[in-house]
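See below for the structure under consideration.
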Amino acid sequence: MPELSVVVPAFRERDNIPALLRALDQALEGLDWETIIVVDDAFDGSEDLVRERAQQDRRVRCIHRIGRRGLASACIEGMLASSAPYLAVIDADLQHDETLVPKLLEAAKRDSADIVVASRYMEGGSTGALAAERVRASRAASALSRVICRGLTDPMSGFFVVRRGFLERVVRRLYGRGFKILLDLVAAARGQVRIVELPYRMRSRERGESKLGARVIAEFFMLLLYHLTGRLLPARFFLFAAVGVTGVGVQLAALSLLFTVSGNFLFSQSVATWAAMTSNFFLNNAFTYGDQRLRGARIWRGLLSFYAACGIGAFINIAIAEWLFFKSLPYWAAGLAGALVAALWNFFTTASFTWGGSSAAKR
Ligand SMILES: Nc1nc2c(ncn2[C@@H]2O[C@H](COP(=O)(O)OP(=O)(O)OP(=O)(O)O)[C@@H](O)[C@H]2O)c(=O)[nH]1
Ligand SMILES: [Mg+2]
């Protein structure tokens, strides 16, 4: 068994993989290591390339995930596939300085740290040529993340070494979605973690494309909420609820537009409701279930089941609100309670009927 497994999440990184393997080979000389490259299906031949290398070099392993996406889950599954006592996580795009890995490992052993983080924001570190607005966003996110974890100069870092015992201790409390796996690990430790940081200078991406987008930002906020609320509800529910709030906006906007034009309330309210459900479905498909998004013909079947579930949810909402109102609750409290129960109903039914899979609601 090697002493160190280097877990590399990779999505559309075919052009970077040969250089990465060369760089690891050089940087880790003299260490007993292996690398586990977790490739999500992108039809770009990355997995074939990794397997080809694996046939010549037993230190190289490939995990090929189909119909799945997500950096954090890729890292977790890669780490769990290893039996090594130390696990490194490093990007595939050569932005992280692999020559630091032996020092991260040494610090983990010497200081018996749970996590050794490569930091861009401590003395001696740098974001390199990263665009100014990206640095600002990263710093703002780091500041915000203090609500769930302290003691890190660079909680947004995706480059670190972790002790296997620590991972096993926190793994069941992880949010496990989105991009910010380090923040997730530290937040899940609830203060019971020894952290050491070492500085490094980040390189810029030479090949392949960035995967940053709106989903990454949405997931970041959901990660904060998940840990802030003490992991009360399944991680996915928070995104589902946020999409529901946007649905209220869509509904009111469509209602005001249609009612102004047609003057017919029932007609306007019906179309506005349909518009809100439709927009909720597509937003949930892109964000809440972005990692197992319905595509092609499955979208239409999913949409119909979503209409059906939310239609029943609307009846439940009205029935509960009406009942509570007659129990002499104030109108707003009755309305809120109805909406909350309906949101839970919608979430759990669409998790199994629309996005399928019994595990959808659990994660
Ligand atoms: N397996 C897997 N890897 C991913 C996924 N999304 C991103 N990655 C990998 O995670 C690493 C970080 O993603 P990047 O797109 O480079 O994010 P970034 O470094 O913040 O952005 P850039 O500076 O623009 O490169 C890269 O190695 C990606 O290939 C995913 O859904 N699945
Ligand atoms: Mg990158």
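The values are calculated or read from the model by the stated rules, or taken from the named source; none is laboratory data. Owing to the predicted nature of the structure, the values given are computational and were not obtained by experimental measurement. Here the Cβ is made from the backbone with ideal geometry for all residues, glycine too, and neighbour counts use every protein chain on show. Keep in mind that these areas ignore ligands, DNA and RNA; they rest on the heavy atoms of the full protein, side chains included. Shrake-Rupley method; radii C 1.70, N 1.55, O 1.52, S 1.80 Å.
Given only helices, namely DSSP H runs of n ≥ 4 each adding -39500 (n - 2.57), what is the per-residue ellipticity at 222 nm of the chain, to the nearest 500 deg cm²/dmol? Kindly include the intermediate steps, with their values, before the conclusion.
Values: 12 runs with 185 residues, N = 363.
Mean residue ellipticity, 222 nm, calculated: -17000 deg cm²/dmol.
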Taking all protein chains in place and a 1.4 Å probe, what share, in percent, of the accessible surface of the stretch 1-57 do carbon and sulfur account for?
40 percent
Extension length gain for Thr260 and Val341 (0.36 nm per residue less Cα distance), in nm, is 26.0 nm
At a Cα cut-off below 16 Å, give the aspartates and glutamates reachable from Lys180, other chains included and same-chain residues fewer than 8 away excluded.
Glu77, Asp91, Asp154, Glu219, Asp291
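For the peptides 231-240, 24-33, what is the packing order when you average, over each peptide's residues, the other Cβ atoms within 10 Å and list the highest mean first?
231-240, 24-33
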Keeping every protein chain present and rolling a 1.4 Å probe, give me the accessible area per residue for the stretch 213-363 in Å².
55 Å²
Can you give me the three principal axis dimensions of the stretch 15-89 from its C-alpha atoms, in Å, biggest first?
37, 25, 18
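Would you mind calculating the gained length between Ala137 and Glu209 on full extension (0.36 nm times residue separation, minus the Cα-Cα distance), in nm to one decimal?
Value of the extension gain: 24.0 nm.
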Got a sec to turn the phi values of the stretch 179-194 into Karplus ³J(HN,Hα) couplings, 6.51 cos²θ - 1.76 cosθ + 1.60 with θ = phi - 60°, whole Hz, x for Gly and Pro?
10, 9, 5, 5, 4, 4, 4, 6, 5, 5, 7, 6, x, 8, 8, 9
With every protein chain in place, the accessible area of Ser262 for a 1.4 Å probe, in Å² rounded to the nearest 10, comes to 60 Å²
Describe numerically, in nm with one decimal, the distance between label points set 7 Å from Cα along Cα→Cβ at Ser126 and at Leu80.
4.0 nm
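Throw me the Rg/Rh for the chain, computed over C-alpha atoms with Kirkwood Rh, two decimals. Mind showing how you got there, number by number?
Details: Rg = 23.3 Å, Rh = 22.4 Å.
Dividing the radius of gyration by the Kirkwood radius yields 1.04.
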Placing +1 on each Lys and Arg Cβ and -1 on each Asp and Glu Cβ in the stretch 235-353, then taking the dipole about the Cα centre, the residue among Ala337, Gln269, Ile299 whose Cα reaches farthest towards the positive end is Ile299
What figure, in Å² to the nearest 10, do you get for the accessible area of Lys180 with a 1.4 Å probe and non-protein molecules left out?
50 Å²
Candidates Val261, Val248, Val216, ranked by Gaussian network fluctuation over the chain, Cα under 10 Å, top entry
Val261
With θ set to phi - 60°, apply the Karplus curve 6.51 cos²θ - 1.76 cosθ + 1.60 along the stretch 99-114 and write out the HN-Hα couplings as whole Hz, x wherever there is a Gly or Pro.
5, 7, 4, x, 6, 4, 5, 4, 5, 4, 6, 5, 8, 5, 7, 7
Among rounded, prolate and oblate, which fits the stretch 235-353 when a ≥ b ≥ c are the square roots of the eigenvalues of its C-alpha gyration tensor, a/c under 1.5 means rounded, and a/b larger than b/c means prolate?
oblate
Which one of Gly151, Gly335, Gly302 has the biggest mean-square fluctuation once the chain is modelled by GNM with Cα springs under 10 Å?
Gly335
